[in-house]
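This report refers to the structure that appears directly beneath it.
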Amino acid sequence: MDMNGFTKFAGLAMAMALSACVSSEPASRSVSNDPLTLASRGAESGATGAARVVAPRYTITDVQIAVPRSLQVSEANGYYPLADIVWRGDPMGDRHQQVAALFQAAADRATAGMAGPRQAVLALEIVRFHGVTEKTRYTVGGTHNMVFNLTVRDAATGAVIDGPRRVEANARAAGGQAAIAEEQAGRTQKVVVVEKLVETLRRELSGPVTDPSLVARATQNPAVPVIVAR
């Protein structure tokens, strides 16, 4: 290779190296962070027809939570107790009732702002609620694993209109110093679990819509997630 060719080759190699170091902005970002802005962008971009967004399917008039007593509880302080219910986010007590209270709080928050076209009753039957033990939380951390059956019934007739179907929600459980820092900042295990359940329930009770009136209703209520459907 002559000197002129070598110079061109070196310049090309340097350009490629620089382009690899600079991260390009992703084509799309998380829609949950700025849903209303994304929805309005769709309208401003000159898109034809109604904006296609995710909005509530129902107006939930009642929530029913069931935590069967047949679910086995473990208070063992191992890394991974074999049980249906493992929970350390409340003081020692009736773990079935504590899990029911967590789901009730999450369901109330998730459905409070929903204004869907059909009145319905939400029924949740818990299958598994596996948090982390003290040993896991203050060492390696882990995952809060929550599994439940979801059923939606028509509020007037009682007819099943969705489900029953199995839903799983997983929330990262911090460990070691990170867990201690979260506790000190008020981000307890309860906060983490309820947040994840609220997010999951809102998603499961919503779907893509194109009806302009539903889109307008959803975008006017900041408590309702409005997400550009993909």
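Quickly run through the range 51-64 and pick out the residues that are surrounded by fewer than 19 Cβ atoms within 10 Å (Cβ to Cβ) and at pLDDT 95 or above. Correct list: T59, T61, D62, V63, Q64.
Within the range 171-230, the set of residues being modelled with pLDDT of 70 or more, assigned to a strand (DSSP E or B) and in contact with a Ser or Thr (Cβ under 8 Å, 6 or more places away or on another chain) comprises A171, R172, A173. Can you confirm whether V167 is of a type in the set (A, V, I, L, M, F, W, C), closer than 16 Å to V194 by Cβ, at pLDDT 95 or above and touching a helix residue (DSSP H, G or I) at 6+ places or on another chain (Cβ under 7 Å)? It is true that V167 is of a type in the set (A, V, I, L, M, F, W, C), closer than 16 Å to V194 by Cβ, at pLDDT 95 or above and touching a helix residue (DSSP H, G or I) at 6+ places or on another chain (Cβ under 7 Å). Considering the conditions (1) crowded, with 17+ Cβ neighbours inside 10 Å; (2) part of a strand (DSSP E or B), E168 is excluded by exactly one of them, (1). Can R29 be described as exposed (fewer than 15 other Cβ atoms within 10 Å of the Cβ), over 27 Å from L197 (Cα atoms) and at pLDDT below 85? No.
Test A106 against the criterion of being surrounded by 15 or more Cβ atoms within 10 Å (Cβ to Cβ) and part of a strand (DSSP E or B), and give yes or no. Here the answer is no, as A106 does not meet what is asked. The selection criterion, being part of a loop (DSSP other than H, G, I, E, B), in contact with a strand residue (DSSP E or B) (Cβ under 7 Å, 6 or more places away or on another chain) and under 20 Å from V194 (Cβ atoms), does not hold for L124.
The values are calculated or read from the model by the stated rules, or taken from the named source; none is laboratory data. What you see is a predicted model, and the numbers here were worked out from it, not measured in a lab. All Cβ positions, glycine included, derive from the backbone under ideal geometry; neighbour counts span all protein chains shown.
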